[in-house]
1. Which one of these does Leu85 not meet: (1) free of Cβ contacts under 8 Å to residues at least 40 places away in the same chain; (2) surrounded by 15 or more Cβ atoms within 10 Å (Cβ to Cβ); (3) assigned to a loop (DSSP other than H, G, I, E, B)?
2. Inspect all residues belonging to the stretch 6-25 and state whether any of them is within 14 Å of Cys95 (Cα to Cα) and of a type in the set (Val, Ile, Thr).
3. Just to be sure, is Val104 outside any strand (DSSP E or B), crowded, with 18+ Cβ neighbours inside 10 Å and among the β-branched types (Val, Ile, Thr)?
4. Within the stretch 1-54, count every residue that is open to solvent by 70 Å² or more (accessible area, probe 1.4 Å), in contact (Cβ under 8 Å) with a residue 24 or more places away in the chain, closer than 17 Å to Ala111 by Cβ and assigned to a loop (DSSP other than H, G, I, E, B).
Amino acid sequence: QVQLVESGGGLVQPGGSLRLSCAPSGRSFSFNVMAWHRQVPGEERELVARMTSRRRTEYADSVQGRFTISRDSARNTVYLQMNNLKPEDTAVYYCHLAFEPIAVEQQYVEAWGQGTLVTVSS
């Protein structure tokens, strides 16, 4: 299957910023839906940010105004800019890319990243 490579996670102090990136590796993979999820051990996965090919975006209330999802079409890369990070943002972040068919002969394809750990602590 298509492999998504995530990067950008790490340790950051409260109030700091990080930018996560996600890009397919290997074979060519086109997508028109992109999202970031996060998960804390013992809790269910949470949708953090989502964007469609129309550039419509939606964010979890907890990150609204602080996180921004974006796409660089030329590089076929999706980003999550995280500003004013809080300790409660600590989690493993997963990238999710999908191609939702826009024609009847097309097939739905999706892929998940391996996860990147973001730790917000002083």
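1. Of (1) free of Cβ contacts under 8 Å to residues at least 40 places away in the same chain; (2) surrounded by 15 or more Cβ atoms within 10 Å (Cβ to Cβ); (3) assigned to a loop (DSSP other than H, G, I, E, B), only one is false for Leu85: (1).
2. Looking only at the stretch 6-25, we keep the residues that are within 14 Å of Cys95 (Cα to Cα), and these are 6-9, 19-25.
So of that shortlist, the ones also of a type in the set (Val, Ile, Thr) come out as none.
There is no residue in the stretch 6-25 that is within 14 Å of Cys95 (Cα to Cα) and of a type in the set (Val, Ile, Thr).
3. Numbers: outside any strand (DSSP E or B): yes; crowded, with 18+ Cβ neighbours inside 10 Å: no; among the β-branched types (Val, Ile, Thr): yes.
Criteria not met by Val104.
4. 5
So that you can scan it fast, the table gives a plain yes or no per residue for (1) in contact with a strand residue (DSSP E or B) (Cβ under 7 Å, 6 or more places away or on another chain); (2) at positive phi; (3) of a type in the set (S, T, N, Q):
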residue: Gln13; (1), (2), (3): no, no, yes
residue: Ser30; (1), (2), (3): yes, no, yes
residue: Thr77; (1), (2), (3): yes, no, yes
residue: Tyr93; (1), (2), (3): yes, no, no
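The values are calculated or read from the model by the stated rules, or taken from the named source; none is laboratory data. Everything numeric here is computed off the predicted structure, so don't read it as measured data. When we count neighbours, we look across all protein chains shown, and the Cβ atoms used for this are built from the backbone with ideal geometry, even at glycine. Protein only, heavy atoms only, side chains kept; ligands, DNA and RNA dropped before computing areas. Shrake-Rupley method; radii C 1.70, N 1.55, O 1.52, S 1.80 Å.
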